[in-house]
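A quick write-up on the structure given underneath.
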Amino acid sequence: MEIKDLYRDRRVLSYGGLALVVVFIMSIAASMCLSGQFGAYMLKQQQAQRSELASLLSQQYNQSQGWDSRALGAIGINSLHGGMIIKIVGPEGNVLWDARLYNNWLCEQMITHHQELTPVEGAYVVQPYPLISGSALVGTVEIGYYGPYYFSQLEADFLRGMHLRLFGTSLALLLLTWAGLWFVFPGEKEPEPDFTPWYKK
């Protein structure tokens, strides 16, 4: 290999290494930002879902007939499949419906599954919501979930896909940068050192 080629290779490797570090840092920062924004979105969405659930349960109370037990059970089962373990308690402390009494094994499996899928450290959380009919307190729903937020399989796959696309974009950018350096720095001979004594210059 000629000296000019060695000189070009050294310059390409030098600038290419710098580009690698920059792209690597930018990829990590972008990945962390993506995870943080998606986590904030999930937190806000699930908070809204819990409030909507409490509102929906409140609507199942009739002033003259009381609670619609069949509707409470249907909502409870649907909520369980949506990641929420609920316990509905009447104003006198009587249990109207309890997901753990319905299927405690399924509740534990769901918590473990969410723990495995969610990329942040969390714990099982129980949050009470009042059930209001008109202006009267007619009960309370205790909503349990893996918090601060949790991922379903679909959401975990979506975030993983976004990270893979981000990695692919970063890799393509790095390869384009390296290819561009070969055109920016054509082969040229490295200047030879001048050993002429200073008093003869």
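The values are calculated or read from the model by the stated rules, or taken from the named source; none is laboratory data. It should be emphasised that the depicted structure is a prediction, and the values quoted were computed from it without experimental measurement. Methodologically, a virtual Cβ is constructed for each residue, glycine included, from the backbone with ideal geometry; neighbour enumeration extends over all protein chains shown.
Every test in (1) of a type in the set (Val, Ile, Thr); (2) out of contact with any helix residue (DSSP H, G or I) (no Cβ under 6 Å at 6 or more places or on another chain); (3) surrounded by 15 or more Cβ atoms within 10 Å (Cβ to Cβ) is passed by residue 86 save one, and that test is (2). Return yes or no: is residue 122 more than 30 Å from residue 26 (Cα to Cα) and at pLDDT 85 or above? It is false that residue 122 is more than 30 Å from residue 26 (Cα to Cα) and at pLDDT 85 or above.
Evaluation of residue 64 against the conditions (1) outside any helix (DSSP H, G or I); (2) under 13 Å from residue 143 (Cβ atoms) shows that the sole unmet condition is (2).
Set side by side, the residues 45, 37 differ, and just one is surrounded by fewer than 16 Cβ atoms within 10 Å (Cβ to Cβ) and modelled with pLDDT of 90 or more, which is 45. When the strands (runs of 3 or more DSSP E) confined to the range 75-135 are screened for residues that are without any contact (Cβ under 8 Å) to a residue 40 or more places away in the chain and farther than 26 Å from residue 35 by Cα, those reaching at least 1 such residues are found at 95-98, 123-133. Among the residues of the range 80-96, those identified as at pLDDT 95 or above and under 26 Å from residue 153 (Cβ atoms) are 84, 85, 86, 87.
Of everything in the range 105-120, what is of a type outside the set (S, T, N, Q) and within 18 Å of residue 47 (Cα to Cα)? Give them in sequence order.
111, 114, 120
Report yes if some residue within the range 73-82 is on the phi > 0 side of the Ramachandran plot and surrounded by 12 or more Cβ atoms within 10 Å (Cβ to Cβ); otherwise report no. Give the derivation first.
We begin by selecting, within the range 73-82, every residue on the phi > 0 side of the Ramachandran plot; these are none.
No, the range 73-82 contains no residue that is on the phi > 0 side of the Ramachandran plot and surrounded by 12 or more Cβ atoms within 10 Å (Cβ to Cβ).
The number of residues in the range 136-157 being assigned to a strand (DSSP E or B) and in contact with a helix residue (DSSP H, G or I) (Cβ under 6 Å, 6 or more places away or on another chain) comes to 3.
Among the candidates 145, 102, single out the residue that is touching a strand residue (DSSP E or B) at 6+ places or on another chain (Cβ under 8 Å) and either within 16 Å of residue 49 (Cβ to Cβ) or modelled with pLDDT under 95 (or both).
Values: 102 fails: touching a strand residue (DSSP E or B) at 6+ places or on another chain (Cβ under 8 Å).
One residue alone meets the criteria, 145.
For residue 112, the conditions (1) modelled with pLDDT under 95; (2) over 31 Å from the mean Cα position of the chain (by Cα); (3) at negative phi are fulfilled apart from (2).
Looking only at the range 59-72, filter to residues that are farther than 18 Å from residue 99 by Cβ and surrounded by fewer than 18 Cβ atoms within 10 Å (Cβ to Cβ); which one of those is modelled with the lowest pLDDT? So the residue we want is 64.
When every residue of the range 92-106 is checked against the conditions, at least one turns out to be surrounded by 16 or more Cβ atoms within 10 Å (Cβ to Cβ) and acidic (Asp, Glu). If the condition is being touching a Ser or Thr at 6+ places or on another chain (Cβ under 7 Å) and either among the hydroxyl-bearing types (Ser, Thr, Tyr) or under 15 Å from residue 69 (Cβ atoms) (or both), then the range 79-95 contributes 86, 89.
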